[in-house]
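The block underneath contains the structure these notes are about, expressed in structure tokens.
The values are calculated or read from the model by the stated rules, or taken from the named source; none is laboratory data. Quick caveat, the model's predicted, so the values are computed rather than measured. We place every Cβ from the backbone using ideal geometry, glycine too, and count neighbours over all the protein chains shown.
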Amino acid sequence: MEAKNCLEEYKGVYVFAQQVDNCINSIAFELIGKGKDLAKDLNTEVTAVLVGSDIKGLAEELAAYGADKVIVIDDPELKEYRTEPYAHALAEVIKEFKPDIFLVGATAIGRDLGPRVSARVHTGLTADCTVLEIGDFPINPIPGREQKHNQLLMTRPAFGGNTIATIACPDFRPQMATVRPGVMQKLPKVEGAKANVIEFNPGFTPDHKYVEILEVVKAVSDTVDIMDAKILVSGGRGVGSAENFKLLEDLAEVIGGTVSCSRAVVDAGWKSKDLQVGQTGKTVRPNVYFAIGISGAIQHIAGMEEADIIIAINKDETAPIFDVADYGIVGDLNKILPSLTAQLKSEMAAK
């Protein structure tokens, strides 16, 4: 790709619409929602790129969440996710349609796919972004250096979450980013919305790089996905033990919530990784978030600060969690939780 002299050819905001087993991952709708914000600033459209086998029927769902166009790449070689054919598909879309911005979800698939695609088309990629916006770069003018406008400013935690970096890709296109699930807001669904559907197939020729999938074994879990929960009762190291999480489970049962946890709890082996909130866990956006025995390290706050209401319970009145909490209780959770649970149970029984 030529740098600096052909950037004006690249137009539009594109998002990778991840699907597995013909079911679109919610990250696709979140990316479309953010893509619409970016596209509005750039006076352009949002295009979803749908890759798979027998998946054309999913285009309507992408349109319902705001996609203006849907590029469908449908081929038997794309039935299950494999790095080589999927990377080939997206790289060829970029070469053919020349998007200005290309967004990929920072899922297990997206983290594998995004960097490979960016390398093939000779552009940069900012991983695990939490904020995307259109602006000038450099952000603050530098004497003797051109300040470019309408650039994608990609913000992500850096140095273990101890600082925040804003990154741009001013000289190459597309501007690519992977985005954490749960961070961006999807738009309300509009039934019956239509998108311009474009069928595209660059051709797939299996070679030694194509992995052969012998068997797919799916883990069965009865755990509620914490990213979908409206009320989360989250515990940290301060809970004290795995057994003590019974106090949180009792509270969650009364209020119709789901138990989640901090990284320290997972590291201690008290709870499984799929319940972890934070920079290295999941980003959640519940209506109510109870932070119980959680000190409030920046890595954890990055995963839950968008909750509508945050209620913190901690015996340390200087804990950073109180800086982001809407309501805070300083005290012993072993005394507070049973009392709170009993009071709530009593009030609900009265109703």
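Could you list, in sequence order, the residues of the range 296-308 that are touching a helix residue (DSSP H, G or I) at 6+ places or on another chain (Cβ under 8 Å) and buried (at least 19 other Cβ atoms within 10 Å of the Cβ)?
Within the range 296-308, Gly296, His300, Ile301 qualify.
Any idea how many residues of the range 99-114 are surrounded by fewer than 19 Cβ atoms within 10 Å (Cβ to Cβ) and within 22 Å of Phe200 (Cα to Cα)?
So the count comes out to 0.
Return yes or no: is Ala59 under 30 Å from Glu146 (Cβ atoms), more than 19 Å from the chain's Cα centre (by Cα) and in the same structural domain as Cys129 (by TED's automatic domain parsing)?
For Ala59, the condition - under 30 Å from Glu146 (Cβ atoms), more than 19 Å from the chain's Cα centre (by Cα) and in the same structural domain as Cys129 (by TED's automatic domain parsing) - is not met.
Which count do you get for residues in the range 114-151 that are of a type outside the set (A, V, I, L, M, F, W, C), more than 23 Å from Ile32 (Cα to Cα) and in a strand (DSSP E or B)?
Residues that pass the stated criteria total 1.
Which members of the range 31-51 meet the condition of being out of contact with any Phe, Trp or Tyr (no Cβ under 9 Å at 6 or more places or on another chain) and either of a type in the set (Lys, Arg) or on the phi < 0 side of the Ramachandran plot (or both)?
Within the range 31-51, Lys34, Lys36, Asp37, Leu38, Ala39, Lys40, Asp41, Leu42, Thr44, Glu45 qualify.
Sort out which residues of the range 184-204 are in contact with a Lys or Arg (Cβ under 8 Å, 6 or more places away or on another chain) and assigned to a loop (DSSP other than H, G, I, E, B), and write them in order of number.
Met184, Gln185, Leu187, Ala195
Which of the residues belonging to the range 253-269 are touching a residue at least 24 places away in the same chain (Cβ under 8 Å), over 11 Å from Ile231 (Cα atoms) and not hydrophobic (A, V, I, L, M, F, W, C)?
Ser262, Arg263, Gly269
Specify the residue that is farthest from the chain's Cα centre (by Cα); the eligible residues are those in the range 12-25 that are in contact (Cβ under 8 Å) with a residue 24 or more places away in the chain and either outside the structural domain of Ala91 (by TED's automatic domain parsing) or surrounded by fewer than 17 Cβ atoms within 10 Å (Cβ to Cβ) (or both). First the steps, then the outcome.
Just the residues of the range 12-25 that are in contact (Cβ under 8 Å) with a residue 24 or more places away in the chain, to begin with: 12-20, 22, 24-25.
Next, from what is left, pick out any that are either outside the structural domain of Ala91 (by TED's automatic domain parsing) or surrounded by fewer than 17 Cβ atoms within 10 Å (Cβ to Cβ) (or both): 20, 22.
Values: Val20: 16, Asn22: 20 Å.
Among them, the one singled out is Asn22.
Restricting attention to the range 115-142, which residues are in contact (Cβ under 8 Å) with a residue 40 or more places away in the chain and of a type in the set (D, E, K, R)?
Asp128, Glu133
Can you tell me how many residues in the range 203-231 are over 30 Å from Gly303 (Cβ atoms), modelled with pLDDT of 85 or more and surrounded by 15 or more Cβ atoms within 10 Å (Cβ to Cβ)? If you could, list the steps in order and put the result at the bottom.
Initial filter on the range 203-231 (over 30 Å from Gly303 (Cβ atoms)): 203-215.
Going one step further and asking which of them are modelled with pLDDT of 85 or more, we end up with 203-204.
Narrowing the set further to residues that are surrounded by 15 or more Cβ atoms within 10 Å (Cβ to Cβ) leaves 204.
Count: 1.
Can you pull out the strands (runs of 3 or more DSSP E) entirely within the range 1-83 that have at least 1 residues that are within 19 Å of Pro181 (Cα to Cα)?
13-17, 46-52
Among the residues of the range 151-177, what is the count of those that are at pLDDT 90 or above and either over 18 Å from the mean Cα position of the chain (by Cα) or not hydroxyl-bearing (Ser, Thr, Tyr) (or both)?
15
Considering only the range 148-170, I want to know if a residue exists there that is in contact with a helix residue (DSSP H, G or I) (Cβ under 8 Å, 6 or more places away or on another chain), of a type in the set (D, E, K, R) and under 30 Å from Gly278 (Cα atoms).
Taking every residue of the range 148-170 in turn, none turns out to be in contact with a helix residue (DSSP H, G or I) (Cβ under 8 Å, 6 or more places away or on another chain), of a type in the set (D, E, K, R) and under 30 Å from Gly278 (Cα atoms).
Every residue in the range 53-80 that is buried (at least 20 other Cβ atoms within 10 Å of the Cβ) and at positive phi, please.
Gly66
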